[in-house]
Amino acid sequence: MRCDRARELVGAYVDGELKDDDCATVAAHIESCAVCRELMDDIRRTSKAIAELGREPAPATLASAIYGRLAGAADEEVAKRLVPWRVPSKVWRQAAALAACCALSVILTWWVMTSMGQAGRLEQQIVAAHIRSLLQDSPIQVASSDSHTVKPWFAGRVDFAPEVRDLTAEGFPLLGGRLDYVHDRRVGALVYKRRLHIVNVFMWRAPGSEDVAPTLATKNGYNLLTWTRSGVTYWAVSDLDASELKRLQGLL
Amino acid sequence: MSELSKFERLTRPHLNAAFNLAFWLVRSAPDAEDIVQESYMRAFRAFQGFTGPDAKPWLLAIVRNATYRWLSNRRRAANVISLDEAFSGPGEKAAEAQFASEDPTPEAHLIGEVDRNLVRRALAELAPVFREVVVLREIEGLAYRDISRVTGAPIGTVMSRLARGRRELRKTLCRLLDEDEPNAL
């Protein structure tokens, strides 16, 4: 091995970082070369001097500063974890959203069911009252085609003055009036006839209600038409077909 | 055992090494303290990802990165040229090219009387790129493989930088010895 090559490797040789073959070659060279042996000794002495004198010792306070700061930071982490509302995890947020959806769904379902149930129950009562009136010998208590007889009859029997019109000219002769009990209250009923069909028009006071345009419903084969006008709610029910029932509504 | 006490058990023995490396790169004890604190915070945050058996090279690599980040920040903030750069002379490539044409005669025989002050002045005169490998090898006793892990340089580069750094250091030591004791020889 040439000296210049050996001088490159002698440091690594001293450090024990040479591969076996390089190591053996350098060892052999140093054995035979006084100059390189000198260099090796120099490197060793310098290494020793630097190792012994070069170190800058860390200040005594550094360790406590570092690990104290880390412990403080770790405590803050723990404190954050102990107050889950401050940092709601993703799972908690999702669970809350799901619970809110469930609650909303329950409330909506309940609301729709009960409001639909009420409407359906009222229709059922109207139809029942109508059928009940047909089961009697007569559907009327005051028989008169004269509106001036029927209207005063209602005075003192219901809490409002119903509009009573005789519609014989229009093909809806007025048979008379009657009291009935629908929707948990006493209501007035006007009975009209159309050919062989009987039409019951139930009326009750609906204070504070807006006027409502006629809406048609069908229950058990009967047509029902309801509307509200001037604070009075009307339900017309009959086995008449819907268009004729609507015509009657227009005349009333 | 908590994560923090595990971290402390693994890193506390290397605190002197961490401080020493940072000190020799910035050559200011207060700055080195700040850098080491910052490095340990970073190391703790990255601790989950640490799986190796030997924490020293891992930790020193973090310290070295933090130091160079700190140096470049300071340089940018102060808008000044660092003395290290101004006096490092020819770049590393030129330095390595010079290596083969070295005078075969040993510079001088170093005697046991080099004192602490001389060693530190000689180390300070080394260009940083050589100083860091010399510090890691001579003071910290790291194997070449570990120096390579800390500095990110290949082992061959570590070996040549170390040879060059040692040679520079010997030259400087001889010169300083001559200056200090002109009558000694």
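Just so it is clear, none of the values below were taken in a lab; they were calculated from the coordinates. If you're wondering where the values come from, they're calculated on a predicted model, not measured in any experiment. Reconstructed Cβ throughout: ideal geometry from the backbone, glycine too, with neighbour counts over all protein chains shown.
Which order do A:212, B:63 fall in if you start with the one that has the fewest other Cβ atoms within 10 Å?
The order, fewest Cβ neighbours first, is A:212, B:63.
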Margin query: Using Cα-Cα distances under 8 Å and only pairs 6 or more residues apart, what relative contact order does the range B:119-185 have, in percent?
Written below: 37
Check: When chain A is modelled as a GNM with alpha-carbon springs shorter than 10 Å, which of A:67, A:181, A:13 fluctuates the most?
Finding: A:13
Item checked: Proportion of all alpha-carbon pairs of the range A:119-251 beyond 22 Å (%) -> 29
Notebook entry, point to check: So if we plug the beta-carbon distance of residue A:23 and residue A:53 into 1/(1 + (r/R0)^6) with R0 = 35 Å, what FRET efficiency do we get, rounded to 0.05?
Noted result: 0.75
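Counting other Cβ atoms within 10 Å, keep those with at most 13, restrict to DSSP loop, and tell me which GluC sites (Glu not before Pro) in the range A:154-248 are left. Don't skip to the end; give the middle numbers.
Numbers: sites: A:163, A:170, A:210, A:244; in loops: A:163, A:210.
Filter output for the range A:154-248: A:210.
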Item checked: Under 27 Å from the Cα of residue B:6 - lysines, other chains or at least 8 residues apart -> A:80, B:56
Next item on the list: Taking the Cα centre of the protein assembly as shown as origin, sum charge times position over the Cβ atoms of Lys and Arg (+1) and Asp and Glu (-1), and report the length of that vector in debye to the nearest 20.
Entry: 2300
Checklist line | Cys with no candidate disulfide partner in chain A (beta-carbon separation under 4.7 Å rule) | finding: A:3, A:23, A:101, A:102
Notebook entry, point to check: Reachable lysines from residue A:48, Cα under 17 Å, same-chain residues fewer than 8 places away excluded?
Noted result: B:171
Check: Can you work out the FRET efficiency for the pair residue A:196 and residue A:105, with r the C-beta to C-beta distance and R0 = 56 Å, to the nearest 0.05?
Finding: 0.70
Checklist line | Residue-averaged beta-carbon neighbours from other chains (10 angstrom radius) around B:38-45 | finding: 3
Note to self: If the reach is capped at under 17 angstrom between alpha carbons, list the lysines near residue A:219, excluding any in the same chain fewer than eight residues apart.
What the structure shows: A:246
Checklist line | Whole-number percent relative contact order across chain A, with pairs defined as alpha carbons under 8 Å at least 6 apart | finding: 10
Check: Once the Cα gyration tensor of the range B:1-80 is diagonalised, what are the square roots of 5 times its eigenvalues, in whole Å and ordered largest first, as equivalent ellipsoid semi-axes?
Finding: 25, 12, 10
Margin query: Quick check: pseudo-label points 7 Å beyond the Cα along Cα→Cβ at residue A:75 and residue A:89, how many nm apart are they?
Written below: 2.5
Notebook entry, point to check: What Kirkwood hydrodynamic radius, in Å, does the protein assembly as shown give when the mean of 1/r is taken over all pairs of distinct Cα atoms and then inverted?
Noted result: 31.1
